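All remarks here apply to the structure that follows.
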Amino acid sequence: MYRDDHKEDYRYFFSRKSFSSMIYLIKRKTSPKRQRPYQAITNRMFSTEYPGKAYGLAPVMRDAVSNEKSHHTQTPYNAEVHRKNLSEELLPIFDDHPDIEFTVYLPPYHIYTYCQSEHFKEADALIRQRAEVMKELLKRKNVTLHDFQADRKYVMNHDFFSDVQHFSVVAAREILSDITAGRRRLTGAAERWMKTAHNCAL
């Protein structure tokens, strides 16, 4: 993340999110440590819930309203940064390890994320970006790709989300079950969908 030739690194370092994370770490260092047994579990994505985390329509709507007020978006797009990250960060992971079989899934976000993308005039670029990623991943024989971005079972279920992006462990286990069963897997036939989506975006 912090290579010297990445010109945009300073923007990340001085972002609001980075500062809030720094403050959190300082607070954790200076305050007594609380017992967090779930943090010791390796497979946190598919096996562990965060204690006390609220899920459902109420917390999702709070996040949605906050995003609208602050014009905060989960779907920013910068063509140059996207292509650089794709060619220099993401794809080398698969190309440098041809002996490893990778399973990749595109996660579902709450339906509001996609509505917001349209509202903020980012939907076309978002479709173009994801279509490009999917097309590149499908070229690689050591990658199995699953797409849950438009799966109504997930994106329309408020109870799966704590905000407009982060889904619960219940949803994660459902996703894992679908992946294991081979559902929502993209094949070469998906290229027709990507071509259509790309043309619509243009």
**Asked** When Leu176 is evaluated against the numbered criteria (1) within 28 Å of Asn67 (Cα to Cα); (2) among the hydrophobic types (A, V, I, L, M, F, W, C); (3) modelled with pLDDT of 90 or more, which criterion, by number, is the only one it fails?
**Response** (1)
**Asked** Among the residues of region 104-140 satisfying the criterion of being in contact (Cβ under 8 Å) with a residue 40 or more places away in the chain and assigned to a loop (DSSP other than H, G, I, E, B), which is farthest from Tyr55 (Cα to Cα)?
**Response** Arg140
**Asked** Among the residues of region 66-83, which ones are in a helix (DSSP H, G or I) and either under 26 Å from Ser162 (Cβ atoms) or within 18 Å of the chain's Cα centre (by Cα) (or both)?
**Response** Ser66, Asn67, Glu68, Lys69, Ser70, Ala79, Val81, His82, Arg83
**Asked** So Leu90 fits all but one of (1) at pLDDT below 90; (2) more than 25 Å from His119 (Cβ to Cβ); what number is the exception?
**Response** (1)
**Request:** Please work out if Leu106 is more than 19 Å from Phe167 (Cα to Cα) and in contact with a strand residue (DSSP E or B) (Cβ under 6 Å, 6 or more places away or on another chain).
**Result:** no
**Asked** Only one residue in Ala58, Ala79 is of a type in the set (A, V, I, L, M), at pLDDT 80 or above and surrounded by 11 or more Cβ atoms within 10 Å (Cβ to Cβ), so which one is that?
**Response** Ala79
**Complete:** Picking from Gly188, Gly182, the residue that is exposed (fewer than 15 other Cβ atoms within 10 Å of the Cβ), over 16 Å from the mean Cα position of the chain (by Cα), modelled with pLDDT under 90 and small (Gly, Ala, Ser) would be Gly188
**Tally of residues being part of a helix (DSSP H, G or I) and more than 17 Å from the chain's Cα centre (by Cα) across region 84-103** = 7
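The values are calculated or read from the model by the stated rules, or taken from the named source; none is laboratory data. Just so you know, these numbers come straight off a predicted model, no measurement behind them. FYI the Cβ positions are ideal-geometry reconstructions off the backbone, even for glycines, and counts take in every protein chain you see.
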